[in-house]
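Enquirer: This is the structure I have questions about; it appears just below.
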Amino acid sequence: MLMKFINIIILFLSFSLATEITQDQLNKVKEITKDINKASDFSLNSVTSDSIYTLSKMNDKVILINFWATWCGPCRMEIPDFNELHEKYSSTGFEVLGVSISDTKDQLIKFLKAYKVDYPILYGDQTVMQKIISDYGGVYSIPMSFLLGKNNQIKRVYPGAILKQYDPNMYSDLIFNIESALSENNKENKSSD
């Protein structure tokens, strides 16, 4: 994601020297920016099933990627609301992925003995997690969530905790965007049939 932005800046700086933008230059801009909102791919292990979740293989779903950690109080507070969302929308093509930024498998297993989590909790080693965090623009604080639509297009970024009880406006915004993305997916799926 960062490299895309750097390429765009370089391209625009080169355009600023020209008096008129050519069609070739416009085509280069379109090529560089065509996937600018596409979430970076990753493959991570699930704690409970030892399955590997690869984001690019889930491009037909609406996905809420939640970056979190077991030591984060607001992250733990989100879990019941995310369980509820998972239960309500999972049958319609929605998935919540809890991506632990710093916990080991053993720490997560112990955590899951104390907390009920109905959606996949994913983890990786620190090198893998640092790359993913960097690919997502640097997750500087947690929790942070990304809502993805079809083809892993980033629809919305939610910095901070999404809590129905404490921030009903943000929670309502999330519900609205989930339902909108699911509706878009259903329309596209019906038109392609």
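Enquirer: Once the whole set of protein chains is in place, how much accessible area is left on ARG76, using a 1.4 Å probe, in Å² to the nearest 10?
Expert: Near enough 70 Å² of accessible area.
Enquirer: According to a simple spin-label model (label point 7 Å from Cα along Cα-to-Cβ), what is the distance in nm between LEU163 and GLU87?
Expert: Going from the GLU87 label point to the LEU163 one covers 2.0 nm.
Enquirer: Suppose each label sits 7 Å from its Cα in the direction of the beta carbon; what would the LYS131-MET170 distance come out to in nanometres?
Expert: Modelled inter-label distance: 3.0 nm.
Enquirer: If I model a spin label as a point 7 Å beyond the Cα along the Cα-Cβ vector, how far apart are those points for GLN153 and GLN23 in nm?
Expert: Result: 2.6 nm between the two label points.
Enquirer: Can you work out the base-10 log of I(q)/I(0) for region 27-125 at q = 0.18, 0.25 1/Å, using the Debye formula on its C-alpha atoms alone?
Expert: -0.86, -1.45
Enquirer: Pull out the extension gain between LYS57 and TYR115, defined as 0.36 nm times the separation in residues minus the alpha carbon to alpha carbon distance; nm, one decimal.
Expert: 18.1 nm
Enquirer: Enter the accessible area of LYS116 (Å², nearest 10), with the probe set to 1.4 Å and all protein chains included.
Expert: Number for this one is 140 Å².
Enquirer: Amide H neighbours of ARG156 under 5 Å, counting only residues 5+ apart in sequence or on other chains, H built in-plane at 1.01 Å?
Expert: Answer set, sorted by chain and number: LEU147.
Enquirer: Two decimals is fine: what's Rg over Rh for region 92-172, C-alpha atoms, Kirkwood radius as Rh?
Expert: Using Cα coordinates only, the ratio equals 0.97.
Enquirer: Karplus couplings for region 100-112 from phi (6.51 cos²θ - 1.76 cosθ + 1.60, θ = phi - 60°), rounded to Hz, Gly and Pro as x?
Expert: Running phi through 6.51 cos²θ - 1.76 cosθ + 1.60 with θ = phi - 60° gives 6, 7, 8, 8, 7, 4, 4, 4, 5, 4, 4, 4, 5 Hz.
Enquirer: So which lysines pass the test for LYS187, namely a Cα distance under 23 Å, with those fewer than 8 places away in the same chain ruled out?
Expert: Within reach: LYS34, LYS38, LYS57, LYS61, LYS88, LYS150, LYS155.
Enquirer: Also: Between THR48 and TYR140, what length comes free when the chain is fully extended (0.36 nm per residue of separation minus the Cα-Cα distance, one decimal in nm)?
Expert: Taking THR48 through TYR140 to full extension adds about 30.4 nm, to one decimal.
Enquirer: Net charge near TYR53: determine it from the other residues with C-beta under 12 Å of the C-beta of TYR53, scoring Lys and Arg +1 and Asp and Glu -1.
Expert: With Lys, Arg at +1 and Asp, Glu at -1, the net is -1.
The values are calculated or read from the model by the stated rules, or taken from the named source; none is laboratory data. Everything quoted here is computed from the prediction, not taken from an experiment. Glycine gets a Cβ as well: all are built from the backbone with ideal geometry, and neighbour counts include every protein chain shown. For accessibility, only protein heavy atoms count, side chains too; no ligands or nucleic acids. Shrake-Rupley method; radii C 1.70, N 1.55, O 1.52, S 1.80 Å.
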